[in-house]
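For reference, the structure discussed in these notes is given below.
Bear in mind these aren't lab numbers, they're just calculated from the coordinates by the rules spelled out. Remember, it's a predicted structure, so these values are computed and weren't measured experimentally. Note that each Cβ is placed from the backbone with ideal geometry, even for glycine, and that neighbours are counted across all protein chains shown.
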Amino acid sequence: MMMLDVRAVSHRYGQKQVLDGVTFSVKKGELFGILGPNGSGKTTLLKLISKELPLASGEIVMSGRLLSELSAKQWAQLAAVLPQAVETAYGYTVKETVALGRYAHQHGLFPTWTAEDETVVQEVIAAVGLADKIDEPLERLSGGERQRAYLARALAQEPQLLLLDEPTNHMDISGQVRLLDQLAQSARTRGLTVVAVFHDMSIASLYCDRVLVLKEGKTAALGAPADVMTPRLLNDVFAAPVVRQAHPVAAKPMFSFVPQQQRKKAPLIGGLHPSFLDDAVVLVAHKPLRVLSSALVGSGFQWVTHFVNRHVGLDYDNPYADEDMRRYLEQHGFSVAQTIGMMTAVDVHDVVWRWEDKEAFSVAVMVTAGVGNAVDAARAWQHQPLAAKPGTINMVIIIDGTLTEAAFVQAVMTATEAKAKALADHRVYDPETGTVATGTSTDSLAVAATQTGRTFAYAGTATELGRELGRLVYEATIEALDRYERRRGRR
């Protein structure tokens with residue numbers, strides 16, 4: 001069932017056309033978002049639906065009835081509005097403010113307060129998390145708490161349609177989550193239809209079933225956020241570079257604006273060299289690097305400035321190794337949030353550092369390697385459960401260039417393939433299966449990029465970047481294995 005139909009709606013302020021033939025429908029129980037830059041007509045559209053502005057062109061149908069046929073009270077029985085800013089009614093308590101929302105359900109010249117009115121008011125105040133502030137004057141509340149009080153007033157109308165203009169303004173994160181979760185729950189459980197204007201694209205993506213994107217008063221896109229909110233569209237609509245990436249938990253896209261930055265290749269690698277603590281080898285970048293890592297500390301995608309590869313003994317056995325590594329970093333003055341932390345049983349002074357400076361990009365590789373716990377990944381199932389020993393082949397790759405997420409993943413693949421080839425050529429075997437090893441049981445890898453300069457969509461072995469990366473990883477791993485063997489007296 002369609003709760004709202006907007007048909008070819010246009011609007012002018014004098015000679016300025018602010019809406020031009022906008023058409024869309026919203027189903028009952030849908031959470032529908034409206035996006036667009038300032039001046040695109042978002043707030044004007046909401047004002048037309050709420051009868052705050054007269055409709056001069058097109059039609060708006062609400063619950064099967066033309067908007068023009070509804071009286072103010074009939075409209076209030078169907079819909080409620082939470083505007084962008086509400087003037088505080090000084091002297092009113094939270095309960096008195098919310099009680100005003102029951103106006104549309106009261107009848108007669110001298111309406112009486114009913115048990116149903118009281119129940120609804122108490123329920124919506126609790127729903128927005130203000131039960132402990134029910135008797136507080138509105139002026140004593142924070143901006144976010146006031147917004148929640150006005151939301152409770154709108155919900156007290158028991159509308160079928162709720163209109164909101166930037167509902168999370170003036171709210172901290174917890175307030176935003178509480179309000180938006182409440183709206184989503186009301187849409188699911190009560191069939192409430194929500195139409196909201198958003199500035200935050202990620203919030204709209206997370207909570208909206210569908211979105212309408214406006215540009216200069218016209219429909220630029222209409223549909224599910226994942227389908228229509230593409231970087232190309234948003235770049236065009238907002239005239240600013242937008243990056244889209246997957247949310248780490250929800251199956252929704254997230255969006256970020258890209259600040260203006262120097263696009264020339266940063267001269268990073270030439271001035272970057274490993275340094276040593278008593279028990280660690282350290283790399284320090286002068287600017288944050290974007291990193292995809294499997295390390296003990298800093299796994300996943302991160303922005304970091306420090307890489308720490310810490311030596312521990314062969315008998316190291318700590319079920320809370322990640323916590324131990326964090327304590328180690330803090331004790332040595334490293335910011336855990338800005339550091340990739342690895343462990344190795346190899347003497348860190350045997351580290352291999354190689355780099356190559358090309359015209360379009362530069363690549364550097366730092367490797368420590370040993371084969372005390374070598375394993376053939378294809379036959380690891382033949383082992384007894386593998387103990388969580390310190391990582392033996394640890395690798396940090398740094399690239400002067402801009403990598404897409406696909407390029408990061410392909411760089412990991414290229415490096416892993418090159419490492420496996422180095423182990424095969426070095427004749428390293430899995431002691432349990434007698435077959436060629438592909439790595440060790442707890443290897444760590446970090447691929448870092450400056451995210452400046454030339455953009456690389458891919459980093460597989462067929463690409464210029466992948467070829468250089470594979471060669472450096474192979475050569476550095478061979479040399480690191482040679483150093484490991486010499487230290488152990490085998491060569």
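The table for this structure:
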read-out	value
Net charge over other residues, Cβ less than 12 angstrom from the Cβ of ALA380 (K, R count +1; D, E count -1)	-2
Amide N proximity, region 209-232 versus ALA457 label position 7 Å along Cα-to-Cβ, cut-off under 18 Å	230-232
For region 458-476 and region 288-307, distance of Cα centres in Å	20 Å
The chain, dipole about Cα centre (Lys/Arg Cβ +1, Asp/Glu Cβ -1), debye to the nearest 20	1140 debye
Global form of region 213-264, assessed from the alpha-carbon gyration tensor, a/c cut-off 1.5	oblate
Extension gain, SER25 back to LEU233 (0.36 nm per residue minus Cα-Cα distance, nm)	72.7 nm
Packing-based exposure ordering (other Cβ within 10 Å, fewest first) of PHE24, PHE456	PHE24, PHE456
Built amide H within the under 5 Å cut-off of VAL197, gap 5+	ILE34, LEU164, ASP165, GLU166
Label-point gap, in nm, between ARG327 and ASP172 - each point 7 angstrom along Cα→Cβ	3.1 nm
Filter on LYS73/LYS133; LYS252/LYS287; LYS47/LYS73; LYS47/LYS218 - keep pairs with C-alpha separation over 25 Å	LYS73/LYS133; LYS252/LYS287
For a label point 7 Å along the Cα-to-beta-carbon line of GLN338, residues of region 285-300 with backbone N under 16 Å	285-291, 298
Descending principal axes extents, region 269-487, alpha-carbon based, whole Å	46, 42, 30
PHE32, PHE255, PHE276 arranged by Cβ crowding within 10 Å, fewest neighbours leading	PHE276, PHE255, PHE32
Residue order, fewest to most surrounding Cβ atoms within 10 angstrom, among THR435, THR392	THR435, THR392
In nm, spacing of pseudo-spin labels at ALA8 and HIS286 (7 Å Cα→C-beta vector)	6.3 nm
Whole-number D in µm²/s for region 2-257 (Stokes-Einstein; Kirkwood sum over Cα pairs; 37 °C, 0.692 mPa s)	173 µm²/s
